[in-house]
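One structure is given below, encoded as structure tokens.
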Amino acid sequence: MKTNSIRTILLIAGLLITLFACKKMEDELNPKTVSLVLPKTPYDYSHFDFGGVDVFVGINNDVATLGRVLFYDTHLSINNTVSCGSCHKQSIAFSDNVTFSSGFENHKTLRNALPIQNLSNIGSFTGSPISLFWDGRATFLPSMVLMPITNHVEMGMSNVDAIVEKVKSLSYYNDLLLNAYGTNQVDASKVGEALSSFVRSIFSGNTRFDRSNKNQTALNGLEHEGRLLFFNKYNCNSCHQTEQLNGYQTGGGFVNIGLEENYTDKGLQNVTNITADNGKFKIPNLRNITLTAPYMHDGRLASLSAVIDHYSHGIANSSALDPRLRNSNGQPMRMNISEHEKTALIAFLNTLTDFAMITDIKYSNPFKVQ
């Protein structure tokens, strides 16, 4: 009986191996092709919906279309395997759903991928300085968008000239450049401008929270309770200014929230060399927050429940801890958030999800596998 069972297992294993071998051979004989699919008339990137109100933002549609293709083009990595869109996925608010993203050789990034949304609202149109990345090391979006492409872990291109040469070698960019700039000549500034135009067009403002602020819909009882806790009792809005599109304090907003007493990753201090900036990281925009787990600069907290637990009873006594997180005795605050309050807060945070943005075809990958 035992012998028959072993024979059966071996037979099944043999069949599976044969099936996999046949599938591999079929894929090799009939390789899948990837084609670029764009509409005859460019999508409109110059307007967005803010809680039911149409807002004009003045982005050039042809330049943003070029940027969309660049954003999703794996050819912009050294081995043609990774694009900007590999780590910033539309379905999860242009974030990544892993602690650290995988680069072109599957090496891991050093920090969790920040969602990219509503960047136009903080100065990107005019070129005025803004703070980008978790540590604020970049201040100009058209330059920042090229940095992951030349990063030795992320996309691996040696320098911006190598990016330009890659674009020159791909025939489908000729018409895109011509439409955007009236010439098919390309340089690093055009690539940076086009990429940043697409990124600046990614707006999230059509949430139930936004519509409730304009009296177009209503929050239910639990959601409203969570809103009151967020804005009043726990004053979360002091940092996460959800009624603003940018979602955080003017100037970028960097805070130490007591994740550690002595930070291994010093955050903003690595950029400024100021001891008081130890452990300060960029305040994330809470729009679509329920989609963007894991949380914090290193993805250490897997869920919103864990994030709330941190503020409830886990704040560490870091020397640079934000004063708003200390009690009247100067000690780390213990908010002691109840389980019911936690449920209400999460219910409110769910109202910040923008389903229109995460499904809008104009933000989607234009490269289709056939």
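The values are calculated or read from the model by the stated rules, or taken from the named source; none is laboratory data. As the structure is a computational prediction, the values presented were derived from the model and not from experiment. Cβ placement follows ideal geometry from the backbone for every residue including glycine, while neighbour counts extend to all protein chains displayed. The protein model used for the area step is the full one, side chains on, heavy atoms only, and it has no ligands, DNA or RNA in it. Shrake-Rupley method; radii C 1.70, N 1.55, O 1.52, S 1.80 Å.
Can you give the accessible area per residue of the chain, in Å², using a 1.4 Å probe?
Ligands and nucleic acids excluded, the figure is 49 Å² per residue.
Report in % the part of the accessible area of the chain that belongs to carbon and sulfur, leaving out ligands and nucleic acids; probe 1.4 Å.
Values: 10050 of 18090 Å².
Accessible surface attributable to carbon and sulfur in the chain totals 56 percent.
Amide H neighbours of HIS47 under 5 Å, counting only residues 5+ apart in sequence or on other chains, H built in-plane at 1.01 Å?
VAL57
Go through LYS108/LYS368; LYS166/LYS266; LYS190/LYS214; LYS282/LYS368; LYS280/LYS362 and tell me which ones have a Cα-Cα distance over 29 Å in this structure.
Those over the limit are LYS166/LYS266; LYS190/LYS214; LYS282/LYS368; LYS280/LYS362.
If Lys and Arg each add +1 and Asp and Glu each add -1, what is the summed charge of the other residues whose beta carbon sits under 15 Å from the beta carbon of ARG324? Provide the component values of the computation, followed by the final result.
Working: positive: LYS233, LYS280, ARG326, ARG334; negative: ASP322.
Value of the local net charge: +3.
Only one of the listed values, (i) 22.3, 70; (ii) 23.6, 78; (iii) 20.8, 67, was derived from the coordinates as Rg and Dmax of the Cα atoms in Å; which label is it?
Only one option fits the structure, namely (ii).
Say the dipole of the chain comes from +1 at the beta carbon of Lys and Arg and -1 at that of Asp and Glu; which of SER212, SER102, LEU321 then lies farthest toward its positive end?
Looking along the dipole axis, the top candidate is SER102.
Based on alpha-carbon centroids, what's the gap between the range 322-370 and the range 158-226 in Å, whole number please?
22
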